[in-house]
Amino acid sequence: MPGGRRSSCQNRRMRVELSHIIKSFGPLRAVDDVSLTIEEGAFFTLLGPSGCGKTTLLRTIAGFYHPEAGEIRFGDRVVNHIPAHRRETGMVFQNYALFPHLSVFDNIAYGLRARKVSKREIAERVGRIVGSVQLQGLERRAPSQLSGGQQQRVALARALVISPQILLMDEPLSNLDAKLRVSMREEIRRIQKELGITTIYVTHDQEEAMAVSDQIAILNCGRVEQVGAPFEIYYRPESRFAAEFMGNSNILEMNVTGYDEAQSRISAQVDGRSFSLAGERPAGPRVILSVRPEWIRVVADPSSGEQNLLSGTILSSSFLGSLIRYRVSGPGERPVIIEEHYPAEGKIRQDGETLWYRLPADRPLVIRE
């Protein structure tokens, strides 16, 4: 291309490093000593409940907020004091922030015109990105004439057309219905992989985070609870908060009665019943376990001699097609959630019945509070 101009984001991958970032609003510390490394070309998600600091952190990376402490690096460049419009980031907002008086084409071209790009190059670059996000034929429509999914594509195209080094996305799918959210998250992931652009994505939706991410950071009260691949966080949560926030998890507390060093097995008791569980030596007289609902097996005959059995009264049941989800009274104050997969037709147990179930000896995880 003329002047050696770069035509896509593929050669503009950028590593992002955050070191001890602190951002406060008055007495509230919204981001509390956060350090993260986002590898170049990665799809990295900031996940957590409302008010956990994820959007504040994203806006700090973008340059809309300035941290009181810490350092933000894009590659080998410290960007703390570089204004937002010079950080070479593309931002997709939760409400899309489209200009209602401009056409699809002009919305997408806005950032290029602000950068004094020539009309010919604008036409070329907008044309390419319109094809990438599948908006062909809609270039002259106003935003009000588009569906929610189409508006979301325009916002994404506007962020990408400037060839940013980093793409930032703040809850971009929250205004869409459930079915469209699934298709659009697949589309976002496809485009991100195609372009290879480093992407930092904010969501409170655990399923969405698992579906699109290479790495996830779970935030809680402004701090990072855990960082890892979706598989790692789901199967090996490091804290009670991470276990409960990333999908359903039963948290069970048991008293330790012994430990077998040779077998790395914990002996424990709850409700007068004995259990044998895989795990490292407990640090104290009790263990806290994370048990996913799909790991628990319903037992038809409690007299069969199986180990690790518990029972409870069925509080409610939900038929979800390929599985039945039971809420059962269990040890502790909270119900135990059990998922029985591929149930026999018409075999849903009734509320008030006693249900026996088995905790798998090798799957419960000992976690910290």
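Out of curiosity, is ILE266 among the β-branched types (Val, Ile, Thr), surrounded by 18 or more Cβ atoms within 10 Å (Cβ to Cβ), in a helix (DSSP H, G or I) and more than 14 Å from the chain's Cα centre (by Cα)? Answer is no for this residue.
Considering only the range 18-35, I want to know if a residue exists there that is outside any strand (DSSP E or B), assigned by TED's automatic domain parsing to the domain that holds PRO83 and buried (at least 19 other Cβ atoms within 10 Å of the Cβ). No: the range 18-35 contains no residue that is outside any strand (DSSP E or B), assigned by TED's automatic domain parsing to the domain that holds PRO83 and buried (at least 19 other Cβ atoms within 10 Å of the Cβ).
Within the range 139-150, residues that are farther than 18 Å from GLY127 by Cβ have Cβ atoms under 7 Å from residues that are among the hydroxyl-bearing types (Ser, Thr, Tyr) and modelled with pLDDT of 95 or more in these pairs: ALA142/SER103, counting only partners at least 6 apart in sequence or on another chain.
Total residues in the range 337-364 satisfying the condition of being of a type in the set (Asp, Glu) and crowded, with 17+ Cβ neighbours inside 10 Å: the figure is 2. Every condition in (1) crowded, with 18+ Cβ neighbours inside 10 Å; (2) under 27 Å from the mean Cα position of the chain (by Cα) is met by ARG334 except one, and the failing one is (1).
Any idea which of GLY127, GLY75 is surrounded by 12 or more Cβ atoms within 10 Å (Cβ to Cβ) and either without any contact (Cβ under 8 Å) to a residue 24 or more places away in the chain or among the charged types (D, E, K, R) (or both)? Steps first, answer last, please.
Details: GLY75 fails: either without any contact (Cβ under 8 Å) to a residue 24 or more places away in the chain or among the charged types (D, E, K, R) (or both).
Testing whether each residue is surrounded by 12 or more Cβ atoms within 10 Å (Cβ to Cβ) and either without any contact (Cβ under 8 Å) to a residue 24 or more places away in the chain or among the charged types (D, E, K, R) (or both) leaves just GLY127.
Can you tell me which of ALA268, ALA278, ALA242 is of a type outside the set (D, E, K, R), touching a residue at least 12 places away in the same chain (Cβ under 8 Å) and farther than 18 Å from PRO360 by Cα? Among ALA268, ALA278, ALA242, only ALA242 is of a type outside the set (D, E, K, R), touching a residue at least 12 places away in the same chain (Cβ under 8 Å) and farther than 18 Å from PRO360 by Cα. Between ILE129, ILE122, ILE82, the distinction of being under 30 Å from the mean Cα position of the chain (by Cα), outside any loop (DSSP other than H, G, I, E, B) and of a type in the set (A, V, I, L, M, F, W, C) belongs to ILE129 only.
Answer yes if at least one residue in the range 214-230 is among the basic types (Lys, Arg), surrounded by fewer than 18 Cβ atoms within 10 Å (Cβ to Cβ) and on the phi > 0 side of the Ramachandran plot, and no otherwise. No, the range 214-230 has no match at all.
If you scan the range 297-319, which residues turn out to be without any contact (Cβ under 8 Å) to a residue 24 or more places away in the chain and surrounded by 11 or more Cβ atoms within 10 Å (Cβ to Cβ)? Correct list: SER318 only.
Counting the residues of the range 176-193 that are of a type in the set (S, T, N, Q) and either touching a helix residue (DSSP H, G or I) at 6+ places or on another chain (Cβ under 6 Å) or farther than 24 Å from PHE64 by Cβ (or both) gives 1.
From LEU167, LEU173, grab the single residue that is modelled with pLDDT under 90, in the same structural domain as ARG113 (by TED's automatic domain parsing) and outside any helix (DSSP H, G or I). Before the answer, list the steps.
Working: LEU167 fails: modelled with pLDDT under 90.
Of the residues listed, the single one that is modelled with pLDDT under 90, in the same structural domain as ARG113 (by TED's automatic domain parsing) and outside any helix (DSSP H, G or I) is LEU173.
Conditions tested, residue by residue: (1) among the hydroxyl-bearing types (Ser, Thr, Tyr); (2) closer than 30 Å to GLU194 by Cβ.
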site	(1), (2)
SER19	yes, no
PHE25	no, no
ARG29	no, no
ASP33	no, no
LEU36	no, yes
LEU47	no, yes
THR55	yes, yes
GLU68	no, no
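Listed by first and then second residue, the pairs with beta-carbon distance under 7 Å, at least 6 apart or on different chains, first residue in the range 246-263 and under 26 Å from GLN226 (Cα atoms), second among the small types (Gly, Ala, Ser) and in a strand (DSSP E or B), are SER249/SER290; ILE251/SER290; MET254/ALA268. Annotation note: of VAL133, VAL126, VAL161, the sole residue that is in contact with a helix residue (DSSP H, G or I) (Cβ under 6 Å, 6 or more places away or on another chain), modelled with pLDDT under 90 and β-branched (Val, Ile, Thr) is VAL133.
Let's see how each residue does on (1) more than 21 Å from GLY111 (Cβ to Cβ); (2) in contact with a strand residue (DSSP E or B) (Cβ under 6 Å, 6 or more places away or on another chain):
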site	(1), (2)
ILE166	no, yes
ASN175	yes, no
ARG185	yes, no
ARG189	yes, no
GLY196	no, no
THR199	no, yes
ALA209	yes, yes
ILE216	yes, yes
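Scanning the range 313-361 for residues that are assigned to a loop (DSSP other than H, G, I, E, B) and farther than 22 Å from ASP301 by Cβ returns LEU320, GLY321, SER322, GLY332, GLU333, ARG334, PRO335.
So which of ARG12, ARG5 is surrounded by fewer than 17 Cβ atoms within 10 Å (Cβ to Cβ) and at pLDDT below 95?
Values: ARG12 fails: surrounded by fewer than 17 Cβ atoms within 10 Å (Cβ to Cβ).
Only one candidate qualifies: ARG5.
Taking the range 339-364 as the region of interest, how many residues are farther than 16 Å from VAL270 by Cβ and within 28 Å of the chain's Cα centre (by Cα)?
Filtering the range 339-364 down to residues farther than 16 Å from VAL270 by Cβ leaves 339-355, 362-363.
With the extra rule that they be within 28 Å of the chain's Cα centre (by Cα), the set shrinks to 339-342, 362-363.
Residues meeting the conditions: 6.
The values are calculated or read from the model by the stated rules, or taken from the named source; none is laboratory data. Remember, predicted model here, so these are calculated numbers, not experimental data. When we count neighbours, we look across all protein chains shown, and the Cβ atoms used for this are built from the backbone with ideal geometry, even at glycine.
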